[in-house]
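To keep things clear, I will list the structure first and then write my remarks on it.
The values are calculated or read from the model by the stated rules, or taken from the named source; none is laboratory data. A quick note: this is a predicted structure, and the numbers were derived from the prediction, not measured. A quick note on method: Cβ atoms are made from the backbone with ideal geometry, for glycine too, and the neighbour counts reach across all protein chains shown.
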Amino acid sequence: MYSINHIVILDTETGGLDPLEHSLMSVGLVTGDGERRLELHVAEPDIRTTPRALEVNRLDPAWIRAHGLPPAAAVEAIEGFLNALPVPRPVLVAGHNVAFDVAFLRRLYRQAGRPLPEDFGHRTIDTHTLLWALTTRGRLPSDVRGSDRAFAHFGIAPPDEARHTALGDALATRELLLRLLELF
């Protein structure tokens, strides 16, 4: 039986929208109960970005190159986070438009020469889809679609410096998920 403790909320900040082309720059993970958190920066061998992505996430590729973890070390940190969880595997991965984040996580594991571990279940929970379902059923106003509008609607106010950071958005998405689940 799954509980909120079996959920890991994932958010990534990337160099663009295409996981085949653009770099993964940071990863944020938070457990469903909010007790465990991880944020790491990834220094891919060739960091590829778009100006728009850097405008949104405010990451500096030079800083990432100097301070980020190489892909293999980033994977080790993620697996250490998962191994410390007191719940059986696999965990459910949740996020806002979570398929995007999982695609970039797969990119990271490929760069590390490893498959995505079975610790991450193949099922996911997407807050964007939950918003769509609730607006379609008239349970939320029709303009509550993206994360900014959803956070505003539910009074979730991540600090400006945390917005569009991997951990900051994972924490806000956790709050959003909890609020959405109350409506079902």
Among ARG179, ARG174, ARG145, the single one that is modelled with pLDDT under 95 and closer than 14 Å to LEU130 by Cβ is ARG145
Pair list, Cβ < 7 Å and 6+ apart or interchain, from the stretch 85-109 residues that are within 16 Å of SER23 (Cβ to Cβ) to residues that are buried (at least 18 other Cβ atoms within 10 Å of the Cβ) and acidic (Asp, Glu): ASP101/ASP11
In the set ARG65, ARG52, ARG37, which member is without any contact (Cβ under 8 Å) to a residue 24 or more places away in the chain and out of contact with any Asp or Glu (no Cβ under 6 Å at 6 or more places or on another chain)? ARG65
How about the stretch 69-104: which of its residues are in a loop (DSSP other than H, G, I, E, B) and either closer than 21 Å to THR31 by Cβ or touching a helix residue (DSSP H, G or I) at 6+ places or on another chain (Cβ under 8 Å) (or both)? ALA84, LEU85, PRO86, VAL87, PRO88, ARG89, PRO90, HIS96, ASN97
Failed item in (1) farther than 26 Å from ARG179 by Cα; (2) in contact with a Pro (Cβ under 6 Å, 6 or more places away or on another chain), with PRO115 passing the rest: (2)
Inside the stretch 1-27, can you point out the residues that are among the polar types (S, T, N, Q) and either part of a strand (DSSP E or B) or over 15 Å from the mean Cα position of the chain (by Cα) (or both)? SER3, ASN5, THR12, THR14, SER26
ILE64 being out of contact with any Leu (no Cβ under 6 Å at 6 or more places or on another chain) and not in a loop (DSSP other than H, G, I, E, B): yes
Among (1) without any contact (Cβ under 8 Å) to a residue 60 or more places away in the chain; (2) over 18 Å from GLN111 (Cα atoms); (3) in contact with a helix residue (DSSP H, G or I) (Cβ under 6 Å, 6 or more places away or on another chain), there is one condition ALA43 misses while meeting the rest; what is its number? (2)
Pairs returned, first residue in the stretch 126-152 that is basic (Lys, Arg), second residue that is not in a helix (DSSP H, G or I), beta-carbon separation under 8 angstrom, 6 or more apart or interchain, are ARG149/ASP143
